[in-house]
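Heads up: the structure comes next, in structure tokens.
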Amino acid sequence: MRTSIIFTLILAISASWLACSSDNPVKTPDPIAELQGFSPLSGGKGTLIKIQGKNFGTVVSDISVKINGLSATIQSVRDSEIAAVVPDKCGLGAIDLTVKGKAFTSAEKFRYQYVATTSFFAGGTKGYADGAPQTVKFEGPYNIVYDKGLLYVADLGNCMVRKIEADGTTSTIVGTPHSGFKDGKGDQALMKFPIGVDVGPDGIIYVADHQNNAIRKIATDGTLTTITGSPEREGLLDGDLATAQFKRPYGVKIDKSGTLWVCDTENGVIRKISANGQVTTFAGSTPGHADGKLREAKFYFPAHLTFDETGNAFVADKHNHCIRRISPDGMVTTFAGTPGKAGFMDGKATEAMFNQPSNVQIDKLGNLYVTDLYNHCIRLVYPDGMVTTLAGQPTVPGYVEGTGNVARFWHPQGSTLDKDENLFVTDSFNNRIRKLTIE
């Protein structure tokens with residue numbers, strides 16, 4: 001009797017457990033996803049990239065793909081492969097994949113292949129004339145800077161600084177078509193071969209007045225004044241503004257702190273002018289080539305510099321035929337190019353060759369744009385130092401509009417990026433301003 005009761009209870013409990021189990025079945029965990037690789041490793045606009053792996057599922061909404069932080073459009077998902085369209089102008093970067101909230105990062109980086117279409121913007125005849133794009137005349141336009149929808153150009157041969165509107169209409173801010181050294185407003189002021197130009201957040205324009213060994217500034221009302229330097233004081237001397245000496249400076253750059261950086265070109269050094277008016281030598285010693293800590297390093301005709309978002313400075317080291325980098329901790333290294341060897345070659349940083357790079361710009365993704373003066377080309381340097389040619393035909397000067405190597409330049413000198421990352425180039429021997437639409 002007792003045994004029978006116990007047996008009945010066991011049967012009842014078992015039936016109850018089975019009933020509960022059928023109502024709430026044990027959930028099997030999802031299989032673990034795995035990122036194995038992707039192909040192709042490079043491509044341009046519209047490239048379909050295929051990401052290989054395991055256990056991706058088949059639901060598009062469970063997946064997100066980014067390249068270099070930019071979202072890719074997912075086209076299809078299979079358990080072992082995801083197809084996605086590469087985001088435009090995504091540069092060089094790893095693939096970040098998310099599958100149902102779980103994140104993966106590729107070991108390899110995808111390299112976006114940029115294409116540039118070169119078009120006319122202003123100029124075309126040697127001489128001096130303000131006016132509409134087709135009628136304006138320049139004489140060897142050098143550096144150029146974009147600011148708030150306008151372009152400012154150091155018109156070297158005309159000894160002027162010019163302003164170009166969004167439609168290409170050009171006017172003269174300061175200077176006259178002959179050289180000299182005089183402060184003043186508009187055409188009362190004189191310069192001697194202005195090369196470098198930059199604009200501060202307050203609208204003040206800074207100028208490297210090359211042959212006057214001076215750094216000048218232009219107020220918003222068009223008045224030119226000398227900050228420091230003088231045609232009578234050629235040399236290399238730090239100190240206050242009244243006594244400092246320069247030797248044919250090329251590039252100027254105003255940073256966010258109000259420090260004005262100067263490529264003191266023929267001295268082979270990088271100088272800075274502090275907001276409180278002190279001139280110091282920041283990097284470089286005697287002309288030559290040497291990597292190392294700031295003053296131990298050597299440059300040979302540093303022509304232009306710019307900064308990235310993390311504080312690295314990149315210098316177009318013209319006569320060393322390479323691009324140098326100055327890190328925030330003060331180390332100078334050769335970033336791309338073969339020091340002391342002029343030539344033309346695309347490829348890895350240490351294999352690439354330039355022929356007198358005269359200007360360097362940087363975009364939001366860390367790509368460098370270099371005007372390669374004697375190669376008559378515009379080059380692109382990726383953040384890992386890989387060099388490719390964006391526009392122009394190496395060693396073939398001329399004037400042709402078009403895409404990639406169809407375009408022709410004749411001694412491109414300066415460049416600047418606008419807010420949409422179009423590149424404007426001073427095509428100096430063609431006396432034109434060119435626009436590169438980059439995709």
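Among the candidates Asp420, Asp384, single out the residue that is touching a residue at least 60 places away in the same chain (Cβ under 8 Å), acidic (Asp, Glu) and either in contact with a Gly (Cβ under 7 Å, 6 or more places away or on another chain) or surrounded by fewer than 24 Cβ atoms within 10 Å (Cβ to Cβ) (or both).
Working: Asp420 fails: touching a residue at least 60 places away in the same chain (Cβ under 8 Å).
That would be Asp384, the only listed residue that is touching a residue at least 60 places away in the same chain (Cβ under 8 Å), acidic (Asp, Glu) and either in contact with a Gly (Cβ under 7 Å, 6 or more places away or on another chain) or surrounded by fewer than 24 Cβ atoms within 10 Å (Cβ to Cβ) (or both).
Determine if the stretch 321-329 includes at least one residue that is polar (S, T, N, Q) and within 27 Å of Leu237 (Cα to Cα). Steps first, answer last, please.
Initial filter on the stretch 321-329 (polar (S, T, N, Q)): 327.
Those left that are additionally within 27 Å of Leu237 (Cα to Cα): 327.
Yes: the stretch 321-329 contains one or more residues that are polar (S, T, N, Q) and within 27 Å of Leu237 (Cα to Cα).
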In the stretch 180-191, what count of residues is obtained for those that are over 13 Å from Asn213 (Cα atoms), out of contact with any Gly (no Cβ under 7 Å at 6 or more places or on another chain) and crowded, with 18+ Cβ neighbours inside 10 Å?
0
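Among the candidates Tyr114, Tyr142, single out the residue that is touching a residue at least 24 places away in the same chain (Cβ under 8 Å), part of a strand (DSSP E or B), among the hydroxyl-bearing types (Ser, Thr, Tyr) and open to solvent by less than 60 Å² (accessible area, probe 1.4 Å). Break it down stepwise before answering.
On the way: Tyr114 fails: part of a strand (DSSP E or B).
Just a single option satisfies the conditions, and that option is Tyr142.
Picking from Asp308, Asp291, which residue would you name as being acidic (Asp, Glu) and within 20 Å of Ile378 (Cβ to Cβ)?
Details: Asp291 fails: within 20 Å of Ile378 (Cβ to Cβ).
Matching residue, one of Asp308, Asp291: Asp308.
Filtering the stretch 426-439 down to residues that are within 12 Å of Gly140 (Cα to Cα) and open to solvent by less than 10 Å² (accessible area, probe 1.4 Å), which residue is farthest from the chain's Cα centre (by Cα)? Before the answer, list the steps.
Narrowing the stretch 426-439 to residues within 12 Å of Gly140 (Cα to Cα): 426-433.
Now narrow it down to the ones that are open to solvent by less than 10 Å² (accessible area, probe 1.4 Å): 426-428, 433.
Values: Thr426: 16, Asp427: 19, Ser428: 21, Ile433: 19 Å.
Only one residue fits best here, namely Ser428.
Tell me which residues, restricted to the stretch 303-315, are of a type outside the set (D, E, K, R), assigned to a loop (DSSP other than H, G, I, E, B) and open to solvent by less than 70 Å² (accessible area, probe 1.4 Å).
So the first thing to find is which residues in the stretch 303-315 are of a type outside the set (D, E, K, R), and the list is 303-307, 310-315.
Checking the rest, the ones that are also assigned to a loop (DSSP other than H, G, I, E, B) come to 310-312.
Result: Gly311, Asn312.
Here are some residues: Ala342, Ala349, Ala275. Which one is surrounded by fewer than 23 Cβ atoms within 10 Å (Cβ to Cβ), within 25 Å of Pro201 (Cβ to Cβ), of a type in the set (A, V, I, L, M) and free of Cβ contacts under 8 Å to residues at least 60 places away in the same chain? If you could, list the steps in order and put the result at the bottom.
On the way: Ala342 fails: within 25 Å of Pro201 (Cβ to Cβ); Ala349 fails: within 25 Å of Pro201 (Cβ to Cβ).
Being surrounded by fewer than 23 Cβ atoms within 10 Å (Cβ to Cβ), within 25 Å of Pro201 (Cβ to Cβ), of a type in the set (A, V, I, L, M) and free of Cβ contacts under 8 Å to residues at least 60 places away in the same chain holds for just one of Ala342, Ala349, Ala275, which is Ala275.
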I'm checking my understanding of the structure. Among residues of the stretch 256-272 that are modelled with pLDDT under 95 and open to solvent by 40 Å² or more (accessible area, probe 1.4 Å), which one is farthest from the chain's Cα centre (by Cα)?
Ser257
Output the number of residues of the stretch 396-423 satisfying the condition of being under 30 Å from Asp308 (Cβ atoms), among the β-branched types (Val, Ile, Thr) and more than 12 Å from the chain's Cα centre (by Cα).
1
Which number in (1) aromatic (Phe, Trp, Tyr); (2) open to solvent by 50 Å² or more (accessible area, probe 1.4 Å); (3) in a strand (DSSP E or B) marks the one condition that Tyr300 misses?
(3)
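I'd like the full set of residues that are at positive phi and touching a residue at least 60 places away in the same chain (Cβ under 8 Å), limited to the stretch 393-417. Give the derivation first.
Start the filter on the stretch 393-417 by keeping residues that are at positive phi, which leaves 395, 398, 402, 404, 411.
If the condition is that a residue be at positive phi and touching a residue at least 60 places away in the same chain (Cβ under 8 Å), then Gly402, Gly404 are the ones that fit.
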Please indicate, with yes or no, whether at least one residue in the stretch 183-202 is touching a residue at least 40 places away in the same chain (Cβ under 8 Å) and over 25 Å from Gln361 (Cα atoms).
yes
If you go through the stretch 77-107, how many residues are under 21 Å from Lys45 (Cα atoms) and not in a strand (DSSP E or B)?
6
Exactly one condition in (1) in contact with a strand residue (DSSP E or B) (Cβ under 6 Å, 6 or more places away or on another chain); (2) under 15 Å from Gly229 (Cβ atoms); (3) open to solvent by 30 Å² or more (accessible area, probe 1.4 Å); (4) of a type outside the set (A, V, I, L, M, F, W, C) is not met by His289; state its number.
(2)
Criterion: surrounded by fewer than 18 Cβ atoms within 10 Å (Cβ to Cβ) and within 22 Å of Gln413 (Cβ to Cβ) - qualifying residue of Pro201, Pro194, Pro177, Pro249
Pro177
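Please determine, by comparing only the residues of the stretch 324-339 that are among the hydrophobic types (A, V, I, L, M, F, W, C) and over 16 Å from the mean Cα position of the chain (by Cα), which one is surrounded by the most Cβ atoms within 10 Å (Cβ to Cβ).
Val332
The values are calculated or read from the model by the stated rules, or taken from the named source; none is laboratory data. For clarity, every value in this text was computed on a predicted model and none was experimentally measured. Glycine also receives a Cβ, built like all others from the backbone with ideal geometry; neighbour counts cover every protein chain displayed. All accessible areas refer to the heavy atoms of the entire protein, side chains included, with ligands and DNA or RNA removed. Shrake-Rupley method; radii C 1.70, N 1.55, O 1.52, S 1.80 Å.
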